[in-house]
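Enquirer: Pasting a structure below so you can have a look.
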Amino acid sequence: MPIVVRIDVELAKRKLSVGEFAERVGLTPANVAVLKNGRAKAVRFSTLEAMCRVLECQPGDLLEWVDDGADASG
């Protein structure tokens with residue numbers, strides 16, 4: 001998948017547990033795990049805003065597009 005979720009990196013930088021992060025953002029720990037593991041198909045802007053507010057970061061710190069080479073023609 002070309003979108004890589006970097007929530008775990010930001011949590012580690014802040015020494016913040018998934019449970020505490022989930023509580024501060026207003027999500028269940030299971031939903032944070034879905035986001036963290038890249039299994040989410042969409043993220044609401046309100047959720048992204050809450051995550052950025054809690055982590056004091058920008059959306060680009062949490063989400064990264066990585067070219068998987070699928071559309072590259074040689």
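The values are calculated or read from the model by the stated rules, or taken from the named source; none is laboratory data. Everything numeric here is computed off the predicted structure, so don't read it as measured data. Cβ placement follows ideal geometry from the backbone for every residue including glycine, while neighbour counts extend to all protein chains displayed.
Results for (1) touching a helix residue (DSSP H, G or I) at 6+ places or on another chain (Cβ under 6 Å); (2) in contact (Cβ under 8 Å) with a residue 40 or more places away in the chain, shown as yes or no for each residue.
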position	(1), (2)
ARG6	yes, yes
ARG24	yes, no
LEU27	no, no
ALA30	no, no
ALA33	no, no
ARG44	no, no
LEU48	yes, no
GLY60	no, no
ASP67	no, yes
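Enquirer: Does ALA70 qualify as being modelled with pLDDT under 95 and exposed (fewer than 14 other Cβ atoms within 10 Å of the Cβ)?
Expert: Yes: the conditions hold for ALA70.
Enquirer: So which residues in region 12-25 are under 14 Å from the mean Cα position of the chain (by Cα) and closer than 16 Å to THR47 by Cα, if there are any at all?
Expert: Within region 12-25, VAL18, PHE21, ALA22, VAL25 meet the criteria.
Enquirer: Looking only at region 8-22, which residues are of a type in the set (Gly, Ala, Ser) and touching a helix residue (DSSP H, G or I) at 6+ places or on another chain (Cβ under 9 Å)?
Expert: SER17, GLY19, ALA22
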